[in-house]
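Report on the structure given below.
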Amino acid sequence: MKLLDKMKARWALRNAGSRPMDPEKRVKIFRRLQKWVPIASLLIFFVAVGWILVLPYQDYNKRTYISENALLPGQANLDYGYNDIYTAEEYRAKILEVQDKDSETRAKFIHQEFRRTGFVSALQHFVIDGKTPKMGVNAFAINRAPRSDGKEALILSASWMSRTGEYNTNGIASLLSLAKLFKRNVYWAKDVILLVTDHGNSGTQAWLDAYHGTTPHDELSSVVMPRSGAVQGVVNLDFPGIQDYETLGVFFEGVNGQLPNLDLINTIVAVSQRTNPPIQITLHDDSKNPYENHQYSSYLGSLNHMLTSMKYLVLGKPSSDAGLYLRYTIDAVTIHGIAGSEHLHQLFGFHRIGRLVESTFRSLNNLLEHFHQSFFFYLLPQPNRYVSISQYMPPVILFSCALIFQSMALYYLGTKEIPNANVEKTGKIPPAYSLEKRHTMFAFTILIITHVTGVIIFNLMQPTFGWKYLVQFAENETLLIQYGASVAVCSISVLLSILYTKPSPEHDATILKSFCLAQSALVIATVSLLNFTLGVATAILILIPYSLIRPCESHALKLIQLCFLTLLSPAGLAAVFSQMTDMPLTDVLLSILSDYHVVRSWFLTFVCTVYWPINMAMMILVFSKSST
């Protein structure tokens, strides 16, 4: 107690001897803050963008390495030989005869081949929801490990259709030949599930739901489904056509920004490099650097890889069927054969595909526990280089700070110049700790209205809404009606809110803008923890426009700002994207709604209930009046 009394006495003496800050100086400080905070925010924005652009530069990222020592990639003796190549070629001839037939015929062919090899095999019938529901059939088999209790498993999968739109002929032929190889060897410590899916993502999602027991019980799912243990890794084969391939592409992006453990990708890269001769590997299907002859070709090629990956992640869309497994904490990648004729000396076919997959599975077979040593958050500028989360998260913090600084400046200082009259007498300068009343009710009311509108739009855009209430229309017409209804609801909400606003101190546009910027900062910082690229894309899209938008008296300026905000709205961005890519608007909408319904992407939810409401509030802001 004596020590506390001494501290209080010392603090009282210090306060007694201190002088209050000169009001004139306080005025100057606050005026400078008013002037320089927006400029500083823009500078912070450009620093953050520059930070992101520096990441692909080789001196600012690191070389990948295997963290899990048990994997030992490329160090096993391989058995895939000429007899297996002959087997794959035989299967390819048979697949060519059945691949054009209906789903049931194709699945029964795979089912019979699995049975002939000696596997426990089954067919899975499923329904694809839609205005006109479709039937699909998956075929799968389980190779029981002779030396384990069946509590762990690996998956080798292939879809009937490749991402290129061709039949995945070589991919399925390779899977069937590898199935025979796996059956005749006894060194497996894990079960191997062999899966051939129908209708791409829909078939894979249907199988995952059934395997994990989340499929509704109906007559199609009444058959008892053979099961194995917890799946530790998945390799999906995508080798379209019957030709040889020049480059091996790796697709690894999952739903809602999820990524597989980096060790799985590192294992495939290491095995491909140790294959004799090595297999040329790339990310996605970028087999040729578009900037090959440029002075900074290495940097621009890495930037291109990184932006392609971010394109998939920002939409929450899996880049391949393998991306669906990540929702179940199963690490998965797709290896894709890229055809080419420029480098004939590096073409590869069944032999090197088989040895690559066998070596990869031999490494995964060595795992003592689930992947956990390496990174789950990263960016890949090259197959053998990565950017860790500690390097790419600071830009998001800078984006959020740029918005927060502006929000605080608007809330405490406003936009009008701080008066200098009677300062010495009154000292009425609004410091940060001011208890002066703020008119926040208007801002809260507008944000509540726009968010309720966003929820209404979200329900209008549900695929099931169109299937239930717009049965008489074709699919394209249904999508356009939903799109038009959403735009109409948005317009009505904004118009009624504008009519509600009055030129009074209670309806303060400055506070509304402050709240909009603060909410945007909160959204960017929060979303980036779940999906980094979605947070970055949102920040780059809105930070400068929202900083410049303000209420004004000029009707022409109001119209210009309204048009610009309309382009930044989800409806405007969808139309702009459709025009830039020559992709019909209905296809853009169908892709977004399909991702939401089939693979449970959060992108539609984020756009309708978070992004669009703030955009509508900024539209209302343009027609409000600043009183601060």
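The values are calculated or read from the model by the stated rules, or taken from the named source; none is laboratory data. Remember, it's a predicted structure, so these values are computed and weren't measured experimentally. So basically every Cβ, Gly included, is an ideal-geometry build from the backbone, and we count neighbours across all protein chains shown.
Tabulated data for the structure shown
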read-out: So Leu237, is it in contact with a helix residue (DSSP H, G or I) (Cβ under 8 Å, 6 or more places away or on another chain), under 30 Å from Leu593 (Cα atoms), in a strand (DSSP E or B) and in the same structural domain as Phe371 (by TED's automatic domain parsing); value: yes
read-out: Among the residues listed as Ile404, Ile353, the single one being more than 27 Å from the chain's Cα centre (by Cα) and among the β-branched types (Val, Ile, Thr); value: Ile353
read-out: Count of residues meeting criterion [closer than 14 Å to Gly130 by Cβ and of a type in the set (Gly, Ala, Ser)] in the stretch 450-489; value: 2
read-out: Counted residues, the stretch 289-309 - those being assigned to a loop (DSSP other than H, G, I, E, B) and either surrounded by 16 or more Cβ atoms within 10 Å (Cβ to Cβ) or in contact (Cβ under 8 Å) with a residue 12 or more places away in the chain (or both); value: 3
read-out: Some residue of the stretch 534-548 being touching a residue at least 12 places away in the same chain (Cβ under 8 Å), in contact with a Ser or Thr (Cβ under 7 Å, 6 or more places away or on another chain) and either outside any helix (DSSP H, G or I) or among the hydroxyl-bearing types (Ser, Thr, Tyr) (or both); value: yes
read-out: Total residues in the stretch 42-101, condition exposed (fewer than 15 other Cβ atoms within 10 Å of the Cβ), under 30 Å from Asp198 (Cβ atoms) and among the small types (Gly, Ala, Ser); value: 1
read-out: Answer residue from the stretch 241-259, given it is touching a Gly at 6+ places or on another chain (Cβ under 7 Å) and either of a type outside the set (S, T, N, Q) or closer than 29 Å to Gly150 by Cβ (or both) and is surrounded by the fewest Cβ atoms within 10 Å (Cβ to Cβ) among those; value: Asp244
read-out: Which numbered condition Asp263 misses (of (1) under 29 Å from the mean Cα position of the chain (by Cα); (2) at pLDDT 90 or above; (3) outside any helix (DSSP H, G or I); (4) not polar (S, T, N, Q)); value: (3)
read-out: Test: residue in the stretch 71-80 that is in the same structural domain as Phe350 (by TED's automatic domain parsing), of a type outside the set (Gly, Ala, Ser) and closer than 22 Å to Ile242 by Cα; value: yes
read-out: Residues being buried (at least 21 other Cβ atoms within 10 Å of the Cβ) and assigned to a loop (DSSP other than H, G, I, E, B) - total across the stretch 316-366; value: 7
read-out: Any chance Ala488 is part of a helix (DSSP H, G or I), in contact (Cβ under 8 Å) with a residue 24 or more places away in the chain and among the hydrophobic types (A, V, I, L, M, F, W, C); value: no
read-out: Scope the stretch 99-120; condition hydrophobic (A, V, I, L, M, F, W, C) and in contact with a strand residue (DSSP E or B) (Cβ under 6 Å, 6 or more places away or on another chain); matching residues; value: Ala107, Ile110, Phe114, Phe119, Val120
read-out: Selection status of Ser272, buried (at least 20 other Cβ atoms within 10 Å of the Cβ), in contact with a strand residue (DSSP E or B) (Cβ under 7 Å, 6 or more places away or on another chain), within 20 Å of Ser591 (Cα to Cα) and among the polar types (S, T, N, Q); value: no
read-out: Condition broken by Arg600, with the remaining ones in (1) outside any helix (DSSP H, G or I); (2) out of contact with any Asp or Glu (no Cβ under 7 Å at 6 or more places or on another chain); (3) buried (at least 16 other Cβ atoms within 10 Å of the Cβ) satisfied; value: (3)
read-out: Subset of the stretch 116-168 (residues that are in a loop (DSSP other than H, G, I, E, B), among the charged types (D, E, K, R) and surrounded by 19 or more Cβ atoms within 10 Å (Cβ to Cβ)); value: Arg163
read-out: Matching option when the condition is in contact (Cβ under 8 Å) with a residue 40 or more places away in the chain and either among the small types (Gly, Ala, Ser) or assigned by TED's automatic domain parsing to the domain that holds Gln258 (or both), among Ser594, Ser578, Ser554; value: Ser594
read-out: Some residue of the stretch 506-519 being touching a strand residue (DSSP E or B) at 6+ places or on another chain (Cβ under 8 Å), in a loop (DSSP other than H, G, I, E, B) and in contact (Cβ under 8 Å) with a residue 40 or more places away in the chain; value: yes
read-out: Contacts under 6 angstrom Cβ, first residue in the stretch 447-472 being without any contact (Cβ under 8 Å) to a residue 60 or more places away in the chain, partner surrounded by 17 or more Cβ atoms within 10 Å (Cβ to Cβ) and of a type in the set (Lys, Arg), 6 or more apart; value: none
read-out: Test: residue in the stretch 92-111 that is assigned to a strand (DSSP E or B), assigned by TED's automatic domain parsing to the domain that holds Tyr211 and under 30 Å from Leu479 (Cβ atoms); value: no
read-out: Conditions (1) under 17 Å from Leu178 (Cβ atoms); (2) surrounded by fewer than 17 Cβ atoms within 10 Å (Cβ to Cβ); number of the one not met by Gln112; value: (1)
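Every residue, every condition in (1) touching a strand residue (DSSP E or B) at 6+ places or on another chain (Cβ under 9 Å); (2) closer than 30 Å to Ile85 by Cβ; (3) modelled with pLDDT under 90, yes or no:
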| position | (1), (2), (3) |
| --- | --- |
| Phe361 | yes, yes, no |
| Glu369 | yes, no, yes |
| Leu379 | yes, no, no |
| Asn384 | yes, yes, no |
| Val396 | no, no, no |
| Ser400 | no, no, no |
| Pro431 | no, no, yes |
